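Since the structure comes first, as structure tokens, the remarks are kept for the end.
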Amino acid sequence: MRKCYINGVGCISAQGTFDTVFLEDSIVNDQDNVLTIQDPVYKNYIAPAAIRRMGKGVKAGIVASALAMQEAGVENVDAIITGTGMGCMEDSEKFLKAIIDNNESFLTPTSFIQSTHNTVAAQIALGIKCNGYNFTYVHSAVSFESSLLDAMMQIESGDAATILIGGIDETVEYTMSLFKLAGYIKNESDKPFKVLPATSKGVVYGEGATFFIVADRPQSSSYAQVLAIELLNSLEVHEVEIKLNHFLAANGFQISDIDAVVLGYNGDIEYDVYYQNIAENCLANTTQVYYKHLSGEYNTASAFGLWVAAKIIRTQEIPAIIKVNRVEKESYKTILLYNQYKGKDHSFTLISTCQNTE
């Protein structure tokens with residue numbers, strides 16, 4: 001079976017992840033229930049004339065992909081595969097507002113063209129002149145994992161050797177107001193907003209763009225090897241540990257082989273029990289990490305989680321700001337990621353050091 005390596009990363013998030021090593025300047029914002037990205041200097045990557053026509057998700061995606069490619073030392077790729085839960089909402093809202101304001105007449109097509117979910121992947125392809133496989137997955141909370149799984153299948157089949165993958169989602173004011181009405185986002189009365197321990201319903205929402213270069217061969221810039229991934233639609237709380245053990249066994253591992261686990265705690269008291277159950281039982285003696293208190297919750301926040309896991313393997317350090325428990329290991333060679341949203345769209349991802357399987 002062909003191996004899959006992470007050779008470069010790029011991350012635009014609510015933290016300064018584009019110009020720091022690993023969360024050294026990160027802070028926990030417990031006063032806002034919607035977190036927005038920290039903007040890089042876009043003109044360093046995109047022509048100023050083009051910036052004006054792009055939504056923030058597109059801009060962030062282009063910069064994050066450029067950072068990943070730059071780190072991996074590649075100028076083009078064989079395929080571009082992205083995941084997004086909500087797509088380019090900023091342009092979607094602009095177009096829908098124009099329909100209402102103009103009584104469905106005299107509409108310009110720009111916002112409509114740029115509102116589609118595959119806009120980011122298309123803009124990246126146009127920018128680097130990539131004519132290869134280009135696909136966007138819209139699978140709710142496993143949108144990013146679907147892109148990673150597809151990339152692994154492309155490498156396994158020999159159809160591609162170097163692939164750009166990423167997860168992108170953005171926040172916009174009107175949609176966030178609807179999410180608040182629906183109870184998806186925490187009420188203002190719940191301040192300060194805490195992820196651990198969860199004390200209220202809803203989440204702190206966020207946005208971000210995280211990209212990776214994955215390839216069939218390691219290089220000096222490699223972070224980790226992606227060993228396996230599994231997606232599951234719906235599970236009961238007690239079934240997670242069973243499925244987790246099956247997943248590990250199928251790939252030749254057991255709980256004791258896992259050096260750290262990255263859990264998708266988001267502060268929703270109704271659903272964080274999925275994480276708490278395994279954290280307090282089968283993973284009690286495993287180093288535990290969380291990240292959504294920094295990034296916020298969004299459909300492709302798990303891409304930020306993979307970025308965290310890859311950084312842990314590269315640096316062999318876990319910043320105090322993302323530690324859940326006090327368990328520590330001498331080295332972090334194999335890391336498990338687990339994520340779910342509202343009891344649906346469960347995913348297990350297993351990564352390791354490149355040397356671990358050479």
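The set of residues from the stretch 257-281 being free of Cβ contacts under 8 Å to residues at least 12 places away in the same chain and under 19 Å from residue 328 (Cβ atoms) comprises just one member, 280.
I need the full set of residues from the stretch 97-127 which are among the polar types (S, T, N, Q), under 21 Å from residue 50 (Cα atoms) and outside any helix (DSSP H, G or I), in order please. 108, 114, 115, 116, 118, listed by residue number.
Scanning the stretch 30-46 turns up no residue that is without any contact (Cβ under 8 Å) to a residue 60 or more places away in the chain, assigned to a loop (DSSP other than H, G, I, E, B) and of a type in the set (Lys, Arg).
So which residues in the stretch 135-154 are assigned to a helix (DSSP H, G or I) and over 9 Å from residue 299 (Cβ atoms)?
Of all residues in the stretch 135-154, those assigned to a helix (DSSP H, G or I) come to 140-154.
Across the stretch 135-154, the qualifying residues are 145, 146, 147, 148, 149, 150, 151, 152, 153, 154.
Looking across the stretch 205-221, just one residue is more than 30 Å from residue 185 (Cβ to Cβ), out of contact with any helix residue (DSSP H, G or I) (no Cβ under 7 Å at 6 or more places or on another chain) and among the charged types (D, E, K, R), and that is 217. Would you check if residue 145 is touching a Ser or Thr at 6+ places or on another chain (Cβ under 6 Å), outside the structural domain of residue 351 (by TED's automatic domain parsing) and farther than 24 Å from residue 39 by Cα? Yes: the conditions hold for residue 145. Annotation: of all residues in the stretch 47-81 being touching a helix residue (DSSP H, G or I) at 6+ places or on another chain (Cβ under 9 Å) and polar (S, T, N, Q), the one that is nearest to residue 9 (Cα to Cα) is 65. Every listed requirement among (1) closer than 19 Å to residue 194 by Cβ; (2) assigned to a helix (DSSP H, G or I) is met by residue 306 save one, (1).
The values are calculated or read from the model by the stated rules, or taken from the named source; none is laboratory data. From a predicted model like this one, the values you see are computed outputs, not experimental measurements. Counting neighbours? That spans all protein chains shown, and the Cβs are built from the backbone with ideal geometry, glycine included.
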